[in-house]
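S.K.: Dropping a structure here in structure tokens format, bear with me for questions.
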Amino acid sequence: MIEFKKVFFKYKDEEVLKNINVKIAQGDSVALIGANGSGKSTFLKLLNGMIFPTNGSYYFNNLEISSDKLEQGNFSKKFHKKMGFVFQNSDAQLFCSSVYEEVAFGPRQMGMDEIEVKKRVEDCLNLLNVKNLENKEPYNISGGEKKRVAIASVLALNPEVLVLDEPMSGIDPKGKKFLNNLFIELNKAGKTIICSTHDFEYVNGLFKRVLVFSEDHCLIRDDIYNEVIEDNDFLIKYNIK
Ligand SMILES: Nc1ncnc2c1ncn2[C@@H]1O[C@H](COP(=O)(O)OP(=O)(O)OP(=O)(O)O)[C@@H](O)[C@H]1O
Ligand SMILES: [Mg+2]
């Protein structure tokens with residue numbers, strides 16, 4: 001479903017992803033790990049079509065994702081309906097005047113009627129345990145609450161692929177356990193999960209596979225999650241543990 005072929009990316013002069021070759025099949029659950037600045041968020045932004053390879057190609061369902069394609073409204077809508085992205089920084093994601101409006105935004109963009117919108121918003125707010133915040137301004141809620149609202153707003157579109165950039169950051173321990181179980185259930189239901197994380201203690205049973213990024217911005221290991229996470233020498237060598 002997802003394929004990166006010889007992908008390079010630079011923001012300015014410096015390459016922050018180098019020669020990335022990856023295939024991800026539907027239903028997989030993939031962790032992205034690596035030291036700060038190694039390129040995880042950049043990889044996830046490429047996946048979501050927020051930025052584009054400076055070299056190489058990215059294919060989603062066999063179609064190359066380019067800025068030209070995403071400028072076509074229809075294509076962009078279809079793509080973003082399938083691919084949900086929870087940003088690392090919730091403040092960059094939340095922009096509506098209330099939590100309700102925030103979660104309703106995506107479904108409305110997709111042209112759903114207000115009855116369906118209301119149902120989805122209420123389901124997702126309840127699921128993330130933030131129904132009590134529905135009339136608050138997203139700007140004025142806590143960091144962990146923002147994260148929950150951002151996740152609710154993405155789930156409201158019922159995407160096939162969930163791209164999560166450190167979804168556990170700022171969440172309390174109980175919330176982390178809850179999110180871990182939620183993501184496991186979503187994966188069991190067939191959703192593809194692609195998630196960067198530094199929170200190894202809280203992601204038990206979630207990931208089948210891991211992509212490891214090095215500080216010099218290469219993909220250095222693509223392997224079974226449990227095997228890598230038990231490989232202390234490797235994790236220490238690459239400043240991951
Ligand atoms: N908008 C930007 N403009 C210029 N450089 C950037 C930009 N965003 C990120 N970078 C640089 O690109 C590199 C990769 O950053 P990225 O955010 O992908 O790392 P990361 O692996 O997600 O790190 P973290 O674990 O801290 O979230 C870093 O060196 C970073 O300074
Ligand atoms: Mg990051």
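The values are calculated or read from the model by the stated rules, or taken from the named source; none is laboratory data. Note that the coordinates shown come from a computational prediction; the quantities given were computed from them, not determined experimentally. Neighbour counts run over all protein chains shown; Cβ positions are idealised from the backbone, glycine included. The area values use the complete protein model at the heavy-atom level, side chains included, leaving out ligands, DNA and RNA. Shrake-Rupley method; radii C 1.70, N 1.55, O 1.52, S 1.80 Å.
S.K.: With a 1.4 Å probe and every protein chain left in place, work out the accessible area per residue of region 2-237 in Å², rounded to a whole number.
M.R.: 48 Å²
S.K.: Taking a threshold of 30 Å on the Cα-Cα distance, which of the pairs 69/237; 174/241; 146/241 fall above it?
M.R.: 69/237, as the Cα separations exceed 30 Å there.
S.K.: Please list 52, 183 in order of solvent-accessible area, largest first, computed with a 1.4 Å probe with all protein chains present.
M.R.: 52, 183
S.K.: Over the Cα atoms of region 7-49, how large are the radius of gyration and the largest Cα-Cα distance (Dmax), in Å?
M.R.: For region 7-49, the Cα-based Rg and Dmax read 11.2, 36 Å.
S.K.: Looking only at 28, 222, 68, which one moves most when the chain is put into a Gaussian network model with springs between Cα atoms under 10 Å?
M.R.: Between 28, 222, 68, it is 68 that shows the largest mean-square fluctuation.
S.K.: Let me ask something else. Would you mind calculating the relative contact order of the chain from Cα pairs under 8 angstrom and at least 6 residues apart, reporting the percent as a whole number?
M.R.: Across the chain, relative contact order equals 27 percent.
S.K.: Where does each of 220, 115, 20, 51 land when they are ordered by accessible area, with a 1.4 Å probe and the largest first?
M.R.: I get 115, 220, 51, 20, largest accessible area first.
S.K.: After finding the eigenvalues of the alpha carbon gyration tensor for the chain, what semi-axes result from the square roots of 5 times each, listed largest first in whole Å?
M.R.: 29, 22, 16
S.K.: Could you give the size of the charge dipole of the chain about its Cα centre, using +1 on the Cβ of each K and R and -1 on the Cβ of each D and E, expressed in debye and rounded to the nearest 20?
M.R.: 380 debye
S.K.: I would also like to ask the following. Between helix 99-109 and the chain, what is the angle of the helix's C-alpha long axis to the longest principal axis, kept within 0 to 90° and rounded to the nearest 10?
M.R.: For 99-109 against the chain, the angle is about 80 degrees.
S.K.: If each Cα of region 162-241 is one equal point scatterer, what is log10 of I(q)/I(0) from the Debye formula at q = 0.15, 0.21, 0.23 Å⁻¹?
M.R.: -0.56, -1.05, -1.21
S.K.: Counting only DSSP beta bridges with both residues in the chain, tell me the antiparallel percent, nearest 5.
M.R.: If we restrict to bridges inside the chain, about 50 percent are antiparallel.
S.K.: Might you work out the accessible area of residue 54 for me, using a 1.4 Å probe with all protein chains in place, and round it to the nearest 10 Å²?
M.R.: 70 Å²
S.K.: If you roll a 1.4 angstrom probe over the protein chains with everything in place, what fraction of the accessible area of region 2-237 belongs to carbon and sulfur, to the nearest %?
M.R.: Roughly 47 percent of what the probe reaches on region 2-237 is carbon or sulfur.
S.K.: Next up: Which is farthest toward the positive dipole end of the chain among 140, 130, 36, measuring Cα position about the Cα centre, with Cβ charges +1 (Lys, Arg) and -1 (Asp, Glu)?
M.R.: Positive-end residue among those listed: 130.
S.K.: Separate question: Using every alpha carbon pair in region 1-141, what percent of pairs falls into each 10 Å bin from 0 up to the bin containing the largest distance?
M.R.: Computed distribution, short to long bins: 10, 33, 32, 21, 4.
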